[in-house]
Amino acid sequence: MRFPIYQVDAFTSRRFGGNPAAVVLLDEWLPDDAMQNIGLENNLSETAFVIARDGVSLLRWFTPIVEIDLCGHATLAAGYVLFKYRYPSLAQVQFQTRSGILGVRRDGPLFVLDFPSLPPVPEVVPATATALGISPRETLRSNALVAVFDTEDEILGIRPDFELVKTLGSHMTTVTAPGKASDYVFRVFGPAAGIPEDPATGSAQCSLVPYWSARLGKTALTSRQLSSRTGEFVCGLHGDRVSISGGVVEYLRGEIDVG
């Protein structure tokens with residue numbers, strides 16, 4: 001069995017920036033263990049599997065070790081692939097996912113995600129300071145644990161103990177602070193999902209956008225993910241939804257053979 005595969009760098013304007021995602025187009029779902037093995041073989045933070053349909057397409061995401069409920073950069077990549085190779089006349093596509101209906105639309109050179117807003121609520125997690133090697137000013141939780149710090153330099157200096165990060169109760173731990181050249185900066189650690197540090201994480205914005213919107217008193221926000229590849233985001237809060245905009249650069253297209 002052979003299937004088309006694409007690799008796309010998401011949330012970036014340059015090749016080898018942002019977060020690489022694989023997108024595999026299917027006619028019907030493969031067995032779960034086959035999709036998990038493909039995710040492991042690709043060894044990217046996420047592989048997106050898409051069944052393209054007129055109207056609402058189907059979408060699932062796999063890290064190298066687990067299927068996840070929500071992923072931003074691989075959804076952006078999946079939208080790009082459908083626009084370029086399946087539905088070039090459309091300005092918007094939608095996906096049915098574990099997290100409901102998610103949309104991707106074109107906006108000039110950018111692609112815009114329509115995702116749920118998941119405001120984080122305060123939660124005391126004493127082990128956070130030990131796991132991260134530094135004490136946050138506060139911790140909150142929604143779809144991820146969020147640890148808030150005072151400065152961008154603190155975010156850059158964090159050297160987590162990944163084995164301890166696994167014990168904090170979420171697949172992902174996000175650290176964030178006010179930015180020097182953007183409204184806020186952040187990093188994301190996901191060792192429990194097989195991703196020690198994610199390069200550019202769209203799903204983190206589901207909690208970061210409502211948090212920073214409330215704190216800064218604005219609904220249009222810019223942010224940077226301070227990974228080695230750097231992620232660049234333009235975001236907005238729209239009631240119970242967030243928009244997450246970014247560029248994409250195609251790196252690879254080909255075919256996989258799974259026997």
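Coordinate-derived values only; no laboratory data. Just so you know, these numbers come straight off a predicted model, no measurement behind them. So basically every Cβ, Gly included, is an ideal-geometry build from the backbone, and we count neighbours across all protein chains shown.
Starting from the Kirkwood Rh over alpha-carbon pairs, what translational D in µm² s⁻¹ does the stretch 175-259 have by Stokes-Einstein at 25 °C and 0.890 mPa s?
Details: Rh = 14.2 Å.
Calculated translational D: 173 µm²/s.
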Report summary line: Summing +1 per Lys or Arg and -1 per Asp or Glu among the other residues with Cβ less than 10 Å from Ala204's Cβ gives 0
Query raised in the report: In the stretch 198-243, what trypsin sites (Lys or Arg not before Pro) fall in a loop by DSSP, with at most 12 other Cβ atoms inside 10 Å?
Result: Lys218
Requested in this report: Based solely on C-alpha atoms, express the radius of gyration and the Dmax of the stretch 121-239 in angstrom.
Outcome: 13.0, 37
**Report entry** the stretch 129-185 - convex hull of alpha carbons, volume per residue in Å³
**Finding:** 75
Requested in this report: Return a whole-number percent for the relative contact order of the chain, with Cα pairs under 8 Å and 6 or more residues apart as the contact set.
Outcome: 23
Query raised in the report: Taking only C-alpha pairs under 8 Å that are 6+ residues apart, what is the relative contact order of the stretch 121-239 in percent?
Result: 19
Query raised in the report: Roughly how many Å is it from the Cα centre of the stretch 48-121 to that of the stretch 4-46, as a whole number?
Result: 12
Report summary line: Checking the stretch 158-259 for GluC sites (Glu not before Pro) in a loop per DSSP with at most 10 other beta-carbon atoms within 10 Å yields none
**Report entry** DSSP-assigned coil residues among GluC sites (Glu not before Pro) in the stretch 55-142, each with at most 15 further Cβ atoms within 10 Å
**Finding:** Glu123
